[in-house]
Amino acid sequence: MNPKEIATQLRCPSGKKAPEIAQQMNQANYQINNKCINLLHITDNDHILEIGPGNGAFAQKIIESAPNVSYKGLDWSSDMVSEAKIHNQQFIASNNASFHQGSSSAIPFSSSSFNKALAIHTLYFWDSPFLHFAEIHRVMKKDGLFCIAFGDKSFMKDLPFSPFGFNLYHSKEVEQLLAIAGFQVQTVQQYYETGLSNTGATVEKLINVILCRA
């Protein structure tokens, strides 16, 4: 695929290439997904929302982090929702998990539904990020924790697919948007990773991880 096609698939995986794209994203983002899940300190009876879970590869780790965890995944790719349901049949059958098609700019759940939430490598595709943060804040319980992770603009701007529909940020810009939406930033961490990008090239990644409280 050319860079524009890669960008389109990363934004919303669809069609025959969707399962392959999802697998590549899971491999590229494995470390940061685990870091974010660990930062949430999942405990008994947590209600957790994952925004942009793709094929749901990390739902099992979240659900099995503690007893009686309730998980919901929200993705705007209908193909990814279908894949996630296939990969997580046992958790859906036990009512621990459900997957939904939609956007985090209009989350289809009631206010104060979740006490933990995470969004990893989804920020780039939000045309109005404040609307998404405000919606996430709405569905979170008071003092709930939200973890967001994204590649820093400093390295993302040089990736061949970034010019095609990616909105890029430095950490401070996102911290300000979160504060305006009502979140209190707890910690800001930065991780350097050397790994494969979605084009297969080896890149030095700077990943911002922001943990905040509603």
Residue-ordered couplings for the range 100-112, obtained by feeding phi - 60° into the Karplus form 6.51 cos²θ - 1.76 cosθ + 1.60 and rounding to whole Hz (Gly and Pro as x), are 9, 8, x, 10, 6, 7, 8, 6, x, 9, 5, 4, 6
For residue 122 the rounded accessible area (nearest 10 Å², probe 1.4 Å, non-protein molecules ignored) is 20
With +1 on the Cβ of every Lys and Arg and -1 on the Cβ of every Asp and Glu, the dipole magnitude of the chain about its Cα centre, in debye rounded to the nearest 20, is 160
Toy charge model, Lys and Arg Cβ at +1, Asp and Glu Cβ at -1: the range 143-214 dipole around Cα centroid in debye, rounded to 20, equals 80
In whole angstrom, the spacing between the Cα centers of the range 91-134 and the range 138-167 equals 14
The answer for the per residue Cα convex hull volume of the range 131-196, in Å³, is 112
The Cα radius of gyration of the range 88-190, divided by 2.2 N^0.38 Å with N its residue count, comes to 1.18
Contour minus Cα-Cα span, residue 17 to residue 202, at 0.36 nm per residue, comes to 64.4 nm
Burial-style ranking of 150-158, 185-193, average other-beta-carbon count within 10 Å with highest first, yields 150-158, 185-193
Here the gain from full extension of residue 187 to residue 4, 0.36 nm per residue of separation minus their alpha-carbon distance, amounts to 62.4 nm
FRET efficiency (residue 164, residue 90; Cβ distance; R0 30 Å; to 0.05) is 0.20
Per residue, the convex hull enclosing the alpha carbons of the chain has a volume in Å³ of 103
Residue 143 and residue 26 label points (each 7 Å along its Cα→Cβ direction) are spaced in nm at 3.6
Proximal lysine pairs in the range 1-149, meaning Cα under 18 Å and 8 or more positions apart or interchain, come to 14
accessible surface per residue for the chain, probe 1.4 Å, DNA/RNA/ligands not counted, whole Å² -> 46
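The values are calculated or read from the model by the stated rules, or taken from the named source; none is laboratory data. What you see is a predicted model; the values in this text were computed from it and never measured. With ideal geometry, Cβ positions are generated from the backbone for all residues, glycine too; neighbour counts draw on all protein chains shown. Just the protein is used for accessible areas: all its heavy atoms, side chains included, with ligands, DNA and RNA removed. Shrake-Rupley method; radii C 1.70, N 1.55, O 1.52, S 1.80 Å.
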